[in-house]
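Laboratory data are not the source of any read-out in this text; all were calculated from the coordinates shown. Just so it is clear, the structure is predicted and the values come from calculations on it, not from any experiment. Cβ coordinates were reconstructed from backbone atoms using ideal geometry, including for glycine residues, and neighbour counts include every protein chain displayed.
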Amino acid sequence: MSDFPKRITVKIAIAAGIILVLAGGITFFGNRIAAATGQIISARADLANWNTSLQSYVGIKSQYAGQAGTDITILNNVLPTEDQLIDLRKDFQFFAGSSNVTVDFSFTGERSTASPQIGALGISLNLTGDFNSLLQFIQKLKNFHYLISIDGVTFSEQENTMAASVRGEVFFRK
């Protein structure tokens, strides 16, 4: 019988050792699982932020493709290239002819703008005709197919006709 307590003690010691190894393994792997869980939560948060950013980008891109694309087309029609301004004299003469006004047109030089993609050329128009025709011509300039800015208009009377001097600038794409 003396062997019995010794065997029980050995079996209890082996069981205790196994329990300690299992407890240590559970603790070790529990800590590793907790760290991996934290990384997964962080990765999911990053993925959600990327998804939100991607959806915003897609929204902006589709808006750009729609409205901004249309606006750029309009700007390209209103802002000619500098080479296209060669026909500007003919355009003003056509406008003046439809208003019973004679026009003398000249460029007054390039002007700087705030945008590096847009330039401006100074223009000078000397008009002659009756007062109503001059006003009609100046009103038509509002709907001119190129973007122009009128800096000043000076009227003067010459015998039976009126004269107007219009100073401004026409904008173009560089």
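Below is a table of values for the structure above.
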item	result
Reduced Cα scattering model of the chain, Debye log10 I(q)/I(0), q = 0.10, 0.14, 0.20 Å⁻¹	-0.65, -0.88, -1.24
Check: segment 82-173 dipole with +1 on Lys, Arg Cβ and -1 on Asp, Glu Cβ, in debye	240 debye
Sites Ile60 and Ser124, calculated FRET efficiency, Cβ-Cβ separation with R0 35 Å, nearest 0.05	0.20
Fraction of the pair-distance distribution of segment 82-173 above 20 Å, Cα-Cα pairs, percent	33 percent
Gaussian network model of the chain, Cα within-10 Å springs - most flexible of Ile26, Ile86, Ile123	Ile26
Rel. contact order, % - alpha carbon contacts under 8 angstrom, at least six apart, segment 102-156	28 percent
The chain - percent relative contact order, Cα under 8 Å, separation 6 or more	19 percent
Aspartates and glutamates with Cα under 17 Å of Lys142, excluding same-chain neighbours fewer than 8 positions away	Asp91, Asp151, Glu169
Equivalent ellipsoid semi-axes, segment 1-92, via Cα gyration tensor eigenvalues times 5, rooted, Å	84, 10, 5
Considering only the chain, percent of DSSP beta bridges that pair antiparallel, nearest 5	95 percent
Total charge dipole magnitude, the chain, about the Cα centre, Cβ charges on Lys, Arg, Asp, Glu only, Debye to nearest 20	1840 debye
Helical mean residue ellipticity (222 nm; -39500 (n - 2.57) per DSSP H run of 4+; nearest 500) of the chain	-18500 deg cm²/dmol
Whole-number percent relative contact order across segment 82-173, with pairs defined as alpha carbons under 8 Å at least 6 apart	29 percent
